[in-house]
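Peer 1: Please read through the structure below; I'll follow up with questions.
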Amino acid sequence: MEYNNTAPFSGNPEKALELSLNVFLIQSFAIIEKSESGHELEGAGIWNSPQNPLMAVSRVKVSIEDKRIALSAEFGGVRQLQRFLIYWIGGLTLLFIGLVFLVRDVANPLVLSSPALVLPFLLLIPLVSRMARKRAEKALDTLLNNMNAVS
């Protein structure tokens, strides 16, 4: 798992697990495994950055054992968003380059440098991915704190 966090816990484990289960079920996560001490869920993924940050999590495992809450998650949604952006921005770049070469004037050599204006947008891909991951980590930390506050 790419995210692992634990916290001491002294409250009601059933209520805390119910809280986390409800949070993930509202976001359309599917239950993979459920027991008295925890559960494991799988998410559908994220398609754009304005979505709920928990959608960046593809798989999450929550457990309460020995008076500790353990939360583990994989960020498959971030990788999915990154692949989508690569195809989308890459496709637009190729389309733009094709159009430039289709309508360019041979007498104007400056037109050939126009596709280079699109290439900086490729730098947005790691930036957006990093932002989505940080937002998801913050949301998971908040969920862990909320579960700890349940009495």
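Peer 1: Inspect the stretch 66-80 for any residue being aromatic (Phe, Trp, Tyr) and surrounded by 15 or more Cβ atoms within 10 Å (Cβ to Cβ) and give the result as yes or no.
Peer 2: First pass over the stretch 66-80, keeping only residues aromatic (Phe, Trp, Tyr): 75.
Okay, now just the ones that are also surrounded by 15 or more Cβ atoms within 10 Å (Cβ to Cβ), so 75.
Checked the stretch 66-80: at least one residue is aromatic (Phe, Trp, Tyr) and surrounded by 15 or more Cβ atoms within 10 Å (Cβ to Cβ).
Peer 1: Are any of the residues in the stretch 39-53 under 18 Å from the mean Cα position of the chain (by Cα) and at positive phi?
Peer 2: Yes, some residue in the stretch 39-53 is under 18 Å from the mean Cα position of the chain (by Cα) and at positive phi.
Peer 1: Which condition does Gly43 not pass, out of (1) modelled with pLDDT of 90 or more; (2) closer than 18 Å to Asp141 by Cβ, if it passes all the others?
Peer 2: Gly43 satisfies every listed condition except (1).
Peer 1: Going by the conditions given, is Ser63 on the phi > 0 side of the Ramachandran plot and either touching a Gly at 6+ places or on another chain (Cβ under 7 Å) or surrounded by fewer than 16 Cβ atoms within 10 Å (Cβ to Cβ) (or both)? Step through it out loud before you land on a result.
Peer 2: On the way: on the phi > 0 side of the Ramachandran plot: no; either touching a Gly at 6+ places or on another chain (Cβ under 7 Å) or surrounded by fewer than 16 Cβ atoms within 10 Å (Cβ to Cβ) (or both): yes.
Taking the combined requirement at face value, the residue does not satisfy it.
Peer 1: Report, by residue number, each residue of the stretch 2-18 that is closer than 18 Å to Glu137 by Cα and surrounded by 12 or more Cβ atoms within 10 Å (Cβ to Cβ).
Peer 2: Glu2, Tyr3, Asn5, Thr6, Ala7
The values are calculated or read from the model by the stated rules, or taken from the named source; none is laboratory data. Keep in mind that this is a model prediction, so the values were computed, not measured. With ideal geometry, Cβ positions are generated from the backbone for all residues, glycine too; neighbour counts draw on all protein chains shown.
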